Amino acid sequence: MSVDVDAVTFELYGLRPGEFTAARDAYVARARREKDTAAAAAIGRLRKPTLGVWAANLLARSRPDQAEALLRLGLELRRAHRELDGRQLRALSHEQHQVIGALVREAEQLAAGAGERLRDAALREIEEILRRVLADDEAARQWASGCMAKAPTGVVGFDGLEPEPGAAPPPTAPAPPPAAPAPRRTAPAPARTAPASVPAPARTAGGREDAAARRAAEERRAERAAAREQAADAAAALHGADRRLAEAAAERDRAEGDADALRDELTALQPRVDAAREAKRLHRQAEQAQTKARRTAESAARRLEELDGSEG
């Protein structure tokens, strides 16, 4: 009877990290006994999750309603990014921070209930996983399965979500057209025949209102331009920080994977180490027995010589 790899995978990633390796190796041994080499190889490739990844899996398994709500929020956020819907993005971003904070606390409580205390590094890893779940379809599928093996790599954010064809930022309301100026009244002809200068006609009340409206519109445009520039600078800084964080997380994952592999190798070599120690112990006992036997033989030979000499 073949081993159900999917069922085994689901079971293993529900175990606490400290229980993972022994249970996985037991399933590998069982698959080999049943001559199911494909299942043995597939199960043997499963890697032990970190404490943060395990807690994120536990959250997805234990709180399916909250997990589904986070997935829906991710769909809405990705749609808003593609459609360049600024108003929706602002509302959803505020909701995103609240939801992720609540889910991280929920994961911490679930882990404590299972006997694991999460430190700051594990809590940060859970937060990073949930942010990637919001931004990336594949990460969302991995997490929702409850069988995530390691934290998704890449930049935390919505980079790569290109706007849909034809999408454009919502247009700003155009400034109202200026009202038609009131007809100018010509000043009465002066009594003098050669005036020194002709004064400019006075600006009417309607003209002053038009100028004020134009100045206000220009100020609003300048403010929007400055805000866009600040937002672009902040996004660039966030992108750089996210990239550095992703690189550090990838390096950490590689180091943890190497450590897991070395621990697995040590576990596999332990019986041979124990056998070598036992052989060394038996060798010492044999040496001691040989030394004792040599001394006994030498003593017997001397006694025999003494007896032969006395008879002669």
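Every read-out reported here was derived from the displayed coordinates using simple, explicitly stated rules and does not represent laboratory data. Not measured: the values here are computed from a predicted model. Heads up, the Cβs are rebuilt from the backbone with ideal geometry, glycines too, and the neighbour counts pull from every protein chain shown.
Overview of results
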{"read-out": "The lone exception for R132 - which of (1) touching a Leu at 6+ places or on another chain (Cβ under 6 Å); (2) surrounded by 20 or more Cβ atoms within 10 Å (Cβ to Cβ) it fails", "value": "(1)"}
{"read-out": "Restricting segment 111-123 to residues that are assigned to a helix (DSSP H, G or I) and touching a residue at least 40 places away in the same chain (Cβ under 8 Å), the residue that is surrounded by the fewest Cβ atoms within 10 Å (Cβ to Cβ)", "value": "A121"}
{"read-out": "Boolean, Y27 is within 23 Å of L123 (Cα to Cα), out of contact with any strand residue (DSSP E or B) (no Cβ under 9 Å at 6 or more places or on another chain) and among the aromatic types (F, W, Y)", "value": "no"}
{"read-out": "Hits in segment 107-133 - residues which are more than 22 Å from L75 (Cα to Cα) and not aliphatic (A, V, I, L, M)", "value": "E108, Q109, G113, G115, E116, R117, R119, D120, R124"}
{"read-out": "Helices (runs of 4 or more DSSP H) (entirely within segment 11-86) containing at least 3 residues that are farther than 19 Å from A151 by Cα", "value": "17-33, 37-44, 64-83"}
{"read-out": "Every residue from segment 78-110 that is surrounded by 15 or more Cβ atoms within 10 Å (Cβ to Cβ), more than 18 Å from the chain's Cα centre (by Cα) and within 24 Å of L51 (Cβ to Cβ)", "value": "L110"}
{"read-out": "Tabulated pairs, segment 89-108, first under 13 Å from L70 (Cα atoms), second part of a helix (DSSP H, G or I) and β-branched (V, I, T), C-beta under 8 angstrom, 6+ apart or interchain", "value": "L103/I126; V104/I126"}
{"read-out": "Residue list for segment 1-42, filter: in contact (Cβ under 8 Å) with a residue 40 or more places away in the chain, among the hydrophobic types (A, V, I, L, M, F, W, C) and surrounded by fewer than 17 Cβ atoms within 10 Å (Cβ to Cβ)", "value": "F10"}
